[in-house]
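Participant: Quick one: the structure is below, questions incoming.
The values are calculated or read from the model by the stated rules, or taken from the named source; none is laboratory data. Remember, it's a predicted structure, so these values are computed and weren't measured experimentally. Note that each Cβ is placed from the backbone with ideal geometry, even for glycine, and that neighbours are counted across all protein chains shown.
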Amino acid sequence: MNTFKTLGIFAFALLVTSCGEKKKEMPAEEPVEETTEMETMEETGPNIVEVAAGNDAFSTLVAAVKAAELVETLSGDGPFTVFAPTNDAFSKLPEGTVDNLLLPESKDALTGILTYHVVSGKYEAAAVIEAINANDGKFTVPTVQGGSIDLSLKDGNVMLTDAKGGMSTVVIADVAASNGVIHALDTVVMPE
């Protein structure tokens, strides 16, 4: 659980790339003077875990979050941006991988994979696309796990490139939750 106590540290690192170059930042959310109906719904609506649990396409992810004992963390205040693999994404992994990751002795590996899909802060698709375009087509973000993911665009879709060179496409963007936002992925991304 020490990984989760350092969430604040990773939030500050979000805008720094590994090569030390100063990059343009994702636009910060501007304060709103009036609370809109949508904001009220997000503040009182379901959190990230509840949203995922309410969608059958994320049943494998929800089982993994429970096995890794991350429910409380991902139900916390956040905000978080979760790049959430769908069941179809998990089914692309080699046979037996998911079953092995759900075993108690694989909890650390599972936690590492799941937290690699989480970024501190709430970044909706428009902000992600703006950051990619402002940084010559590629924007690197640190994950809660401690690694980083490169974000880019291909044919109008946001793409993620993981530490091993694997790629995933955002297939559904901006699924609102009270403590952040979910972007559904078609492939599981992997840390080093």
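Participant: For segment 135-149, which positions are of a type in the set (Gly, Ala, Ser) and either modelled with pLDDT under 95 or in contact with an Asp or Glu (Cβ under 8 Å, 6 or more places away or on another chain) (or both)? Steps first, please.
Facilitator: Keep residues of segment 135-149 that are of a type in the set (Gly, Ala, Ser), which gives 137, 146-148.
Matches in segment 135-149: Gly147 only.
Participant: Among all residue pairs at least 6 apart or on different chains, which show Cβ distances below 8 Å where the first residue, located in segment 174-192, is on the phi > 0 side of the Ramachandran plot and the second is of a type in the set (Ser, Thr, Tyr) and in a strand (DSSP E or B)?
Facilitator: Gly180/Thr81
Participant: Just checking, how many residues over segment 107-129 are in contact (Cβ under 8 Å) with a residue 12 or more places away in the chain and either loosely packed, with under 14 Cβ neighbours inside 10 Å or assigned to a helix (DSSP H, G or I) (or both)? Give the steps one after another, and end with the answer.
Facilitator: In the first step, residues of segment 107-129 are kept if they are in contact (Cβ under 8 Å) with a residue 12 or more places away in the chain; the result is 107, 110-125, 127-129.
From what is left, the residues that are either loosely packed, with under 14 Cβ neighbours inside 10 Å or assigned to a helix (DSSP H, G or I) (or both) are 107, 110-115, 125, 127-129.
Here the count works out to 11.
Participant: Here's something else I'd like to know. Please give the helices (runs of 4 or more DSSP H) falling wholly within segment 1-105 in which 2 or more residues are surrounded by 12 or more Cβ atoms within 10 Å (Cβ to Cβ) and modelled with pLDDT of 50 or more.
Facilitator: Numbers: elements: 2-5, 7-13, 37-44, 48-53, 59-67, 71-74, 87-91, 97-101.
By residue number, 48-53, 59-67, 71-74, 87-91, 97-101.
Participant: Take Asp174 and tell me if it is surrounded by 15 or more Cβ atoms within 10 Å (Cβ to Cβ), touching a strand residue (DSSP E or B) at 6+ places or on another chain (Cβ under 9 Å) and either of a type outside the set (A, V, I, L, M, F, W, C) or closer than 24 Å to Glu50 by Cα (or both). Give the derivation first.
Facilitator: Working: surrounded by 15 or more Cβ atoms within 10 Å (Cβ to Cβ): no; touching a strand residue (DSSP E or B) at 6+ places or on another chain (Cβ under 9 Å): yes; either of a type outside the set (A, V, I, L, M, F, W, C) or closer than 24 Å to Glu50 by Cα (or both): yes.
No.
Participant: Okay, next question. Can you report the number of residues in segment 130-149 which are without any contact (Cβ under 8 Å) to a residue 40 or more places away in the chain and crowded, with 18+ Cβ neighbours inside 10 Å? Spell out how you get there, then give the answer.
Facilitator: Initial filter on segment 130-149 (without any contact (Cβ under 8 Å) to a residue 40 or more places away in the chain): 132-133, 136-138.
Cutting the leftovers down to crowded, with 18+ Cβ neighbours inside 10 Å gives us 132.
Adding up the residues that qualify gives 1.
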